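Heads up, the thing below is written out as structure tokens.
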Amino acid sequence: QVQLVESGGGLVQAGGSLRLSCAASGRTFSSYAMGWFRQVSGKEREFVAAISWTGGNTDYADSVKGRFTISRDNAKNTVYLQMNSLKPEDTAVYYCAPVMGRQPAFNVFVSWGQGTQVTVSS
């Protein structure tokens, strides 16, 4: 089994920055494309960003393009999301997951973690 643990969220003013981390335990995810998703209370999770297993290719939702940067350190089994120029509409719980395209790609060994709360004040 693999446990995904998101961290780095918090309260920040509009225009500020946060760096989220997603660490995996149990097994390496170096062979997986990984992504970030977010969920606002009462709404479905939405795709934010993804990165190929080598780190050579990235994909971003239009709403965050130019402001967020996804990266990974396979040696540490960790994926990061650098969030700059944050807006109140970025407020959500952020989750990481293996991905296929822009969809989560779970298997019997992996499931959603607890997520990390990001709150952006105006």
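The values are calculated or read from the model by the stated rules, or taken from the named source; none is laboratory data. Predicted model, so just to flag it, every value in this text is computed and none were measured. The area values use the complete protein model at the heavy-atom level, side chains included, leaving out ligands, DNA and RNA. Shrake-Rupley method; radii C 1.70, N 1.55, O 1.52, S 1.80 Å.
Between THR54, THR69, THR78, where does the largest GNM mean-square fluctuation fall for the chain, given springs only between Cα atoms within less than 10 Å?
For the chain, modelled as a Gaussian network with Cα springs under 10 Å, the answer is THR54.
So what are the ³J(HN,Hα) numbers for region 83-98, from phi and the Karplus equation (6.51, -1.76, 1.60; θ = phi - 60°), rounded to whole Hz, Gly and Pro as x?
Along region 83-98, the couplings run 10, 10, 6, 5, 10, x, 5, 7, 4, 4, 8, 9, 10, 10, 6, x Hz.
Please list, in order along region 100-116, the HN-Hα scalar couplings obtained from phi with the Karplus expression 6.51 cos²θ - 1.76 cosθ + 1.60 (θ = phi - 60°), rounded to whole Hz, x for Gly and Pro.
Taking θ as phi minus 60°, the curve returns 10, x, 10, 10, x, 10, 7, 9, 4, 8, 10, 8, 4, x, 7, x, 9 Hz for region 100-116.
Specify the residue with the greatest mean-square fluctuation among ALA75, ALA61, ALA14, computed from a Gaussian network of the chain linking alpha-carbon atoms under 10 Å apart.
ALA75
Could you give the accessible area per residue of the chain, probe 1.4 Å, as a whole number in Å²?
Values: 6470 Å² over 122 residues.
I get 53 Å² per residue for the chain.
When the chain is treated as a GNM, springs tying every alpha-carbon pair under 10 Å, which of GLY56, GLY101, GLY35 comes out with the largest mean-square fluctuation?
GLY56
Can you tell me, using C-alpha contacts under 8 Å and at least 6 residues apart, the relative contact order of region 29-88 as a whole percent?
Here the relative contact order equals 27 percent.
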